[in-house]
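Everything below concerns the one structure shown next.
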Amino acid sequence: NHLLQILCLIAIEPPANRSAEMIRAEKLKILQSLKPITPDLVNSHTVRGQYTKGSIDGENVSGYQDEIGANIETTTETFVALKVEIENWRWANVPFYLRTGKRLASKCSEILIQFKPPKHNIFKKQTSQLASNQLLIRLYPNEGVQLRILNRHPGLGDAPTMDALNLNLDIPDSHKWLSFESYARLLLEVMKGDQTLFVSSEEVKASWEWIDQIRE
């Protein structure tokens, strides 16, 4: 549900105004435009996994089956990856990949937008294929925005080499004191009577109608 909300905020059309009703209505349109993942697409569009025992930083750790109790077998997933498509005029044929899980290599929340590669390569002598530019929006733990662009590597000569360069937009330290825990912000919105950050019942219904077909 959390990932679908992030998906909605990325794919949402600009609402007529900033009212909670208009924003939630636009998010609902995205959820209702999700392409159904039918039985013939489940194997190619979804991945579910469960972590097993291994080691982290040189220390042995148990697997999920061992942690929930001895002699208990469960198919509950601890990792999910989905390929999602939105069937509307703006996002048709643009894949969205949602990934989440426990005990991964790093603990973070981020949105990565990968742009289409250039159709014409004028640097064929240096590289046969140009890397795509990327926009990274970091939600946790270090909020910020990073633009990764292809750039000529500094140096002299007639054969320039291409390299990816990161342009960072971090939240200034002077502003970080304004950051609050997510639930603190939600509690404040409750007291103010602002429902913008909350999911409407229509959104919940649309989300589960789409998710239930995968579960089935």
Residues meeting the amide H criterion for residue 51 (H placed from the backbone, H to H distance under 5 Å, 5 or more places apart or on another chain) are 64, 78
Loop-resident chymotrypsin sites (Phe, Trp or Tyr not before Pro) in region 1-93 with no more than 12 other Cβ atoms inside 10 Å, DSSP not H/G/I/E/B, are 89
State the extension gain, in nm to one decimal, for the chain segment bounded by residue 59 and residue 202, taking 0.36 nm per residue of separation less the distance between their alpha-carbons.
46.9 nm
Which of the residue pairs 83/205; 83/119; 27/116; 27/205; 35/116 have a Cα-Cα distance greater than 18 Å in the structure shown?
83/205; 83/119; 27/116; 35/116
From highest to lowest solvent-accessible area (probe 1.4 Å; ligands, DNA and RNA excluded), 83, 125 read 125, 83
Cα pair distances exceeding 23 angstrom across region 20-105, given as percent
46 percent
List every residue whose amide H lies under 5 Å from the amide H of residue 162, counting only residues 5 or more places away in sequence or on a different chain, with H placed 1.01 Å from N in the peptide plane.
153
Give the Kirkwood hydrodynamic radius (Å, one decimal) of the chain, defined as one over the mean of 1/r across all pairs of different Cα atoms.
21.2 Å
Calc'd 3J(HN,Hα), region 161-170, phi into Karplus 6.51 cos²θ - 1.76 cosθ + 1.60 (θ = phi - 60°), Hz, glycine/Pro = x, comes to 9, 9, 9, 7, 10, 9, 10, 9, 10, 8
On a straight-distance basis, which lysines could pair with residue 53 in a cross-link, Cα separation under 25 angstrom, same-chain partners fewer than 8 positions away excluded?
102, 107
Taking 0.36 nm per residue of sequence separation and subtracting the Cα-Cα distance, how much length would be gained by fully extending the chain between residue 107 and residue 72, in nm to one decimal?
9.9 nm
Kindly write out, for region 15-31 in residue order, the coupling ³J(HN,Hα) from the Karplus curve 6.51 cos²θ - 1.76 cosθ + 1.60 (θ = phi - 60°), rounded to whole Hz, with x marking Gly and Pro.
x, 5, 8, 8, 5, 4, 5, 5, 5, 5, 5, 5, 5, 4, 4, 5, 4
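The values are calculated or read from the model by the stated rules, or taken from the named source; none is laboratory data. Predicted model only: the values in this text are computed from it and were never measured. Note that each Cβ is placed from the backbone with ideal geometry, even for glycine, and that neighbours are counted across all protein chains shown. Each accessible area value is taken on the protein alone, full model and side chains, heavy atoms only, with ligands, DNA and RNA left out. Shrake-Rupley method; radii C 1.70, N 1.55, O 1.52, S 1.80 Å.
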